[in-house]
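Heads up, the thing below is written out as structure tokens.
The values are calculated or read from the model by the stated rules, or taken from the named source; none is laboratory data. Treat the numbers as computed from the prediction; the structure is a model and nothing was measured. Virtual Cβ from ideal backbone geometry, glycine too; neighbours counted across all protein chains shown. Please note that ligands, DNA and RNA were not included when accessible areas were found on the heavy atoms of the full protein model with its side chains. Shrake-Rupley method; radii C 1.70, N 1.55, O 1.52, S 1.80 Å.
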Amino acid sequence: MVDLARDQFSGLEGLYRRFGPVCRLGGYTYLLGPEANQFVFAHSELFSWREAFDVLVPVDGETAMIVSDARRSPPAPPARATGLHSAAIDGYVAIMATHARKTVDSWHPGSEIDLYQEFRRAIRHGTITALFGERLAADEPVFGAQLQIALDLLDQSPLLLPIRKNLPAYKRAITAREKVRDLVQTEVDRRRSADEDSADVLTALVRGRDEDGSGLSDLEIADQVISLIAAGYETTSAAMAWATRAVLVDPAIFEQRASRSRRRRRAGRPRPDRRRPAATVLSGQRGQ
Ligand code: HEM
């Protein structure tokens, strides 16, 4: 308990080493390590996403996809699915790559860089631009500052979960998220009134209709937008920062990458096309 309260990462690692993939502690059952995670994804019908991801609600919202169990029976309504097909994702990768490249190009030899914060800004800006358009992306700094207050809540020790709604940090998180929601609502109202049809995820959320003609409520639209932004940059920027660190701290990897770009420059070849390499496309349906 003390290790977990002191540092979640090494605390969880310690639990896994001592008790293996399943361990009960402080009213929670921890499923740790690759085997347990594989089991969870392969048997999602045994788990309630709502209960497991309740901790994310102050960031993602009550109706966000990741905290809802609703879809485990019928497939996701088309309104939510549109804009996440593979051709669109190719476009998003190109936008993300452009933002990441702009960030890396802004670094100068000898300057000290906080990799994680640099990539957070770049990926956050890229995610908002790709999925919800330049106008909302112009508010990236506000999204970053306000969402951080809510995201900081997730770093609290799980031991505080039973009482967290009474803690000042929780109230600050809810207030901060309301500011982000107001930004999204302004753009949703503008999209509704404007006679434009930009083919992005926001338009699909605002204009999408189910078979019975019903659409998403403003609350549902805002929750999908905010949860996609948070889910998009929190994870990807961490992955990019770790990948860059791996290249920088390992001379062999660094030399391999450096010699490859030297060869490319000597051959006068442009930087490789950033379209994503052929990959296995998962169906996205849980449990498959
Ligand atoms: C390195 C990058 C990423 C990692 C490691 C990652 C990891 C994950 C994991 C572990 C889940 C939970 C899956 C589940 O419980 O079913 C998840 C769900 C989700 N992620 Fe990602 N993610 C990444 C990037 C992204 C990006 C770029 C987006 C969108 C812009 C995104 C949007 C989502 C959404 C919407 C869900 C909920 C899906 C559902 O409930 O069915 N993620 N992600």
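Could you work out how far apart the two model spin labels at Ser193 and Ser111 are, taking each label as a point 7 Å from the Cα in the direction of the beta carbon, and quote it in nm?
Placing both labels 7 Å along Cα→Cβ, they lie 4.0 nm apart.
If I model a spin label at Ala5 and Arg266 as a point 7 Å from the Cα along the Cα→Cβ vector, what separation in nanometres do I get?
6.0
In square angstrom, what is the accessible area per residue of the chain with a 1.4 angstrom probe?
Numbers: 17110 Å² over 288 residues.
That works out to 59 Å² per residue.
Please report the carbon-and-sulfur percent of the accessible area for the stretch 99-231; probe 1.4 Å, protein heavy atoms only, DNA, RNA and ligands left out. The partial results should precede the final answer.
Working: 3600 of 6640 Å².
Carbon plus sulfur share of accessible area: 54 percent.
Taking trypsin sites (Lys or Arg not before Pro) as exposed when DSSP calls them loop (any state but H, G, I, E, B) and at most 16 other Cβ atoms lie within 10 Å, what is the longest stretch of the chain free of them, the sites themselves excluded? Walk me through the intermediate numbers first.
On the way: sites that count: Arg209, Arg274, Arg275, Arg286.
So the longest stretch without any such site is 1-208.
Mean Kyte-Doolittle of at least 0.5 and a Cα length of 18 Å or more along the axis: which whole DSSP H helices of the chain meet both?
Working: long enough: 86-105 (28 Å, 0.29); 115-132 (25 Å, -0.06); 140-154 (21 Å, 0.95); 168-193 (38 Å, -1.20); 218-249 (46 Å, 0.80); 251-266 (22 Å, -1.93).
Span-like helices here: 140-154, 218-249.
Can you give me the pair-distance distribution of the chain, C-alpha pairs, 10 Å bins, whole percents?
5, 22, 32, 27, 12, 2, 0
Where does the chain land at 222 nm, in deg cm²/dmol rounded to the nearest 500, when only DSSP H runs of n ≥ 4 count, each adding -39500 (n - 2.57), divided by all residues?
Working: 14 runs with 177 residues, N = 288.
Only helices count here, giving -19500 deg cm²/dmol.
To the nearest 10 Å², what's Tyr116's accessible area with a 1.4 Å probe?
So the heavy atoms of Tyr116 present about 80 Å² to solvent.
Express in nm, to one decimal, how much length is gained between Leu31 and Ser44 on full extension, taking 0.36 nm for each residue of separation and deducting their alpha carbon distance. List each step's numbers first, then the result.
On the way: separation 13, 0.36 × 13 = 4.68 nm, distance 1.33 nm.
Answer, rounded to one decimal: 3.3 nm.
Could you give the length gained on full extension between Ala94 and Glu13, defined as 0.36 nm per residue of separation minus the Cα-Cα distance, in nm? Before the final figure, lay out each step's value.
On the way: separation 81, 0.36 × 81 = 29.16 nm, distance 3.59 nm.
Additional length available on full extension: 25.6 nm.
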